[in-house]
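Derivation of every value follows stated rules applied to the coordinates shown; laboratory data play no part. Quantities reported herein were computed from a predicted structural model and do not represent experimental measurements. Every residue, glycine among them, receives a Cβ derived from its backbone with ideal geometry; neighbour counts consider all protein chains shown.
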Amino acid sequence: MPRWGIPNGARRDTPKRGMAPELVMKNIILVGFMGTGKSAVGRLLAQRLKWPFLDLDKKIEKDAGRSVAEIFTAEGEAGFRRLEAKAVQDVAGLQSHVIATGGGVMCDEKNVETLKGSGFLVCLTASPEMILERTAPTLSSRPLLSGGDPRERIQALLALRTPFYAKADATMDTTNRTLQDVVEEILKVVNR
């Protein structure tokens with residue numbers, strides 16, 4: 001069956017405005033580094049498609065009853081990644097959702113496989129300078145940027161994660177672009 005095909009015997013729903021019929025059953029999943037616009041783009045994209053929006057980090061916080069920073073403090077990154085992997089499994093069965101993931105979700109091969117089976121992965125990127133500018137107001141709630149120069153941490157993490165982000169179905173740079181421009185580009189790419 002083609003990646004976006006409708007399973008045998010399934011009903012082909014009427015597509016939402018601007019979407020190909022084959023995409024009605026799959027999700028659009030935004031991946032990439034923190035500060036690249038996944039949540040902001042995701043909300044606008046979901047609004048445009050009239051689909052529900054789900055922020056994976058918010059789901060993890062709700063399920064755990066603690067913030068991401070509190071989870072990191074109590075359980076370390078490994079504990080957070082276990083909760084993240086469970087959340088990925090939980091959302092894998094959703095359909096016609098826009099899902100924004102955390103920046104490290106792609107570093108786990110099982111997460112990548114699960115997410116690819118659930119939808120079309122779009123990796124959002126931005127320059128390190130833009131990431132620092134966007135994350136500066138919330139640095140205290142970003143455990144992976146604490147403990148040193150945030151610019152150096154961003155560059156080091158980007159160097160580690162870029163090969164994982166390359167596994168997405170499409171990549172888009174959000175540096176100096178409006179949310180509307182990014183949403184339009186995502187719709188064009190997904191409709192191809």
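If I ask for residues that are crowded, with 20+ Cβ neighbours inside 10 Å and either touching a Gly at 6+ places or on another chain (Cβ under 6 Å) or among the aliphatic types (A, V, I, L, M) (or both), which ones from the stretch 39-51 would you list?
First, the residues of the stretch 39-51 that are crowded, with 20+ Cβ neighbours inside 10 Å: 41-42, 45-46, 49, 51.
Hits for the stretch 39-51 are Val41, Leu45, Ala46, Leu49.
From the set of residues in the stretch 156-179 that are assigned to a helix (DSSP H, G or I) and in contact with a Leu (Cβ under 7 Å, 6 or more places away or on another chain), which is surrounded by the fewest Cβ atoms within 10 Å (Cβ to Cβ)? It would help to see each step written out before you state the result.
Of the residues in the stretch 156-179, the ones assigned to a helix (DSSP H, G or I) are 156-165, 179.
After this cut, where a residue has to be in contact with a Leu (Cβ under 7 Å, 6 or more places away or on another chain) as well, the list is 157, 179.
Values: Leu157: 19, Leu179: 15.
My answer is Leu179.
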For this session: Give the stretch 52-66 a look and list any residue that's in contact with an Asp or Glu (Cβ under 9 Å, 6 or more places away or on another chain) and loosely packed, with under 15 Cβ neighbours inside 10 Å, or say none.
Result: Asp63
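Among the residues of the stretch 139-175, what is the count of those that are of a type in the set (Phe, Trp, Tyr) and over 17 Å from the mean Cα position of the chain (by Cα)?
Of the residues in the stretch 139-175, the ones of a type in the set (Phe, Trp, Tyr) are 164-165.
Next cut, over 17 Å from the mean Cα position of the chain (by Cα) only: none.
Of the residues in the stretch 139-175, 0 are of a type in the set (Phe, Trp, Tyr) and over 17 Å from the mean Cα position of the chain (by Cα).
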Exercise. Among Met130, Met106, which is the only one that is in contact with a Cys (Cβ under 9 Å, 6 or more places away or on another chain) and of a type in the set (A, V, I, L, M, F, W, C)?
Worked result: Met106
Exercise. For Val183, which of the numbered conditions (1) among the hydrophobic types (A, V, I, L, M, F, W, C); (2) within 16 Å of Gly103 (Cβ to Cβ); (3) in a helix (DSSP H, G or I) fails to hold?
Worked result: (2)
Seminar exercise, completed: The residue that is farthest from Thr162 (Cα to Cα), considering only those in the stretch 99-117 that are buried (at least 20 other Cβ atoms within 10 Å of the Cβ) and in contact with a Lys or Arg (Cβ under 8 Å, 6 or more places away or on another chain), is Ala100
For this session: May I ask you to say which residue of Glu61, Glu70, Glu77 is under 20 Å from Arg161 (Cβ atoms) and of a type in the set (D, E, K, R)?
Result: Glu77
